[in-house]
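The values are calculated or read from the model by the stated rules, or taken from the named source; none is laboratory data. Owing to the predicted nature of the structure, the values given are computational and were not obtained by experimental measurement. Here the Cβ positions follow ideal geometry from the backbone for every residue, glycine too, while neighbour counts run over all protein chains shown.
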Amino acid sequence: MAEKKLGFATRAIHDGQEPEKLTGAVNVPIFLTSTYQQEAIGKNRGHEYARLTNPTRDALEESLCSLEGGTSAHAFASGMAAITAMLTMMKTGDHIVCSDNVYGGTQRVFDKVLANYGLTFTYVDTSKAENVAAALRPETKLVHIETPTNPMMAITDIRAVADICHAKGVELSVDNTFLSPYLQQPIALGADIVMHSTTKFLNGHSDGLGGVLICTTPEQADRFRFVQKCTGGILSPFESYLLLRGVKTLAVRMRQHDVNGRAVADFLAGHRAVKKVFYPGLKDHPQHELAKRQQSGFGSMISIELGSLEQANEFAKRLRLAFLAESLGGVETLICHPATMTHAAIGAEGRARLGITDGLMRISVGIEDVADIISDLDQALSG
Ligand SMILES: Cc1ncc(COP(=O)(O)O)c(C=O)c1O
């Protein structure tokens, strides 16, 4: 009889995390070593040097690989280090198609750093799959999408885009940071690579940066292992430990984030000071049905239009419980101003094209008591 696959929450706690062999410690220790004693020349115990492998990082990579349903995972020092590592698959002359509404730092590294090495980028609204088909060229090697997008919460049909890519021999990578593998499984929908800023929901406690690439082929695994070894932008043992610890509670945290996100979005949709709410869980969201189909929840990322920079600033200054801060995905409610924070780098014109106004605020709803979150938002909105 085939062995039944363990559930998500069980795998988050156990996969990659066998008790330690020497003592039976149930938590993976932080292996603080830069090198490993070798038994003879050419004979080691599976580890040579910590830039290549570290048992704490190995455990984390196995855990994240299991949760995303990939074949290998490769942890980096930040989400940006992971994206940059992914782009080392490209060669001068290659073309990449990217969602037009990605994290501002992604577009910055593409346009201001990697374009200098002869890569070209086309940005399209990938929530319309036909735009991806139209943007592909003979030299296109990768399509990179974020769904939901940051901060406008547009949804891209992963399966439709994967089919378009595969028909032309192009790989699809999905930034799954906003939902985590608990709420969205891009590989099951056809993605070739999943990436995360693990700084966000996977860590969940706003106490460590990190990034990961999860692969589906041995060629990608060889490539990213080689990049880890050559360029060295790997996740440290301590950060790997923090992330493993965070991931153990991913399922319960994401369930609560989802419950709180829906309640806060409903509250905001009925508030007179809020001109528009961007949340895939609301029935008037243009891709609500798609979100229902391809996600197993709507998550807790919400953007709101308040009308002007002054109103956004007044709201931000009045917050008592939620923090005005960059980042997202922590247990605490975090609120950011995309125009001056996450999307400052793309310039006023770029923001105008995407609808990122000076009055837009992005809320990462935490897992505090939802009545307290709503009461704080209410008093901050009502003035
Ligand atoms: C969706 C998304 N991708 C990537 C990144 C970059 O990750 P990091 O800040 O860990 O380098 C971020 C950061 O905010 C993000 O929101």
Item checked: Among the residues listed as P280, P286, P338, the single one being under 20 Å from D125 (Cα atoms) and surrounded by fewer than 16 Cβ atoms within 10 Å (Cβ to Cβ) -> P286
Check: Are any residues in the range 131-165 within 16 Å of the ligand (Cβ to nearest atom) and charged (D, E, K, R), and if so, which ones?
Finding: E146
Item checked: Odd one out for T216 among (1) outside the structural domain of T88 (by TED's automatic domain parsing); (2) touching an Asp or Glu at 6+ places or on another chain (Cβ under 6 Å) -> (1)
Item checked: Whichever residue in the range 194-228 is among the hydroxyl-bearing types (S, T, Y), assigned to a loop (DSSP other than H, G, I, E, B) and within 14 Å of the ligand (Cβ to nearest atom) and, among such residues, is surrounded by the most Cβ atoms within 10 Å (Cβ to Cβ) -> T198
Next item on the list: Run K141 past the list (1) assigned to a strand (DSSP E or B); (2) surrounded by fewer than 24 Cβ atoms within 10 Å (Cβ to Cβ); (3) touching a helix residue (DSSP H, G or I) at 6+ places or on another chain (Cβ under 6 Å); (4) of a type outside the set (S, T, Y) and report the number of the one that doesn't hold.
Entry: (3)
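Quick one: which strands (runs of 3 or more DSSP E) lie wholly within the range 267-383 and hold at least 3 residues that are within 16 Å of the ligand (Cβ to nearest atom)?
Where strands (runs of 3 or more DSSP E) fall fully within the range 267-383 and carry at least 3 residues being within 16 Å of the ligand (Cβ to nearest atom), they are 301-305, 334-336, 360-364.
Is one or more of the residues making up the range 166-187 over 22 Å from K292 (Cβ atoms), within 9 Å of the chain's Cα centre (by Cα) and in contact (Cβ under 8 Å) with a residue 24 or more places away in the chain?
No, the range 166-187 contains no residue that is over 22 Å from K292 (Cβ atoms), within 9 Å of the chain's Cα centre (by Cα) and in contact (Cβ under 8 Å) with a residue 24 or more places away in the chain.
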Next item on the list: Run down G232, G246, G281 and say which single residue is of a type outside the set (F, W, Y) and under 26 Å from I13 (Cα atoms).
Entry: G246
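From the list L268, L324, exactly one residue is in contact (Cβ under 8 Å) with a residue 40 or more places away in the chain and within 15 Å of A380 (Cβ to Cβ). Which is it?
None of the others qualify; the one that does is L268.
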Check: Within the range 176-193, is there a residue that is assigned to a helix (DSSP H, G or I), within 12 Å of the ligand (Cβ to nearest atom), buried (at least 24 other Cβ atoms within 10 Å of the Cβ) and small (G, A, S)?
Finding: yes
Notebook entry, point to check: Can we say G281 is under 19 Å from M152 (Cα atoms), of a type in the set (G, A, S) and without any contact (Cβ under 8 Å) to a residue 40 or more places away in the chain?
Noted result: yes
Next item on the list: Check T33 against each of (1) within 13 Å of the ligand (Cβ to nearest atom); (2) over 24 Å from T149 (Cβ atoms) and name the one condition it does not meet.
Entry: (1)
Item checked: Single match in A75, A25 (criterion: surrounded by fewer than 17 Cβ atoms within 10 Å (Cβ to Cβ) and either touching an Asp or Glu at 6+ places or on another chain (Cβ under 9 Å) or farther than 24 Å from K229 by Cα (or both)) -> A25
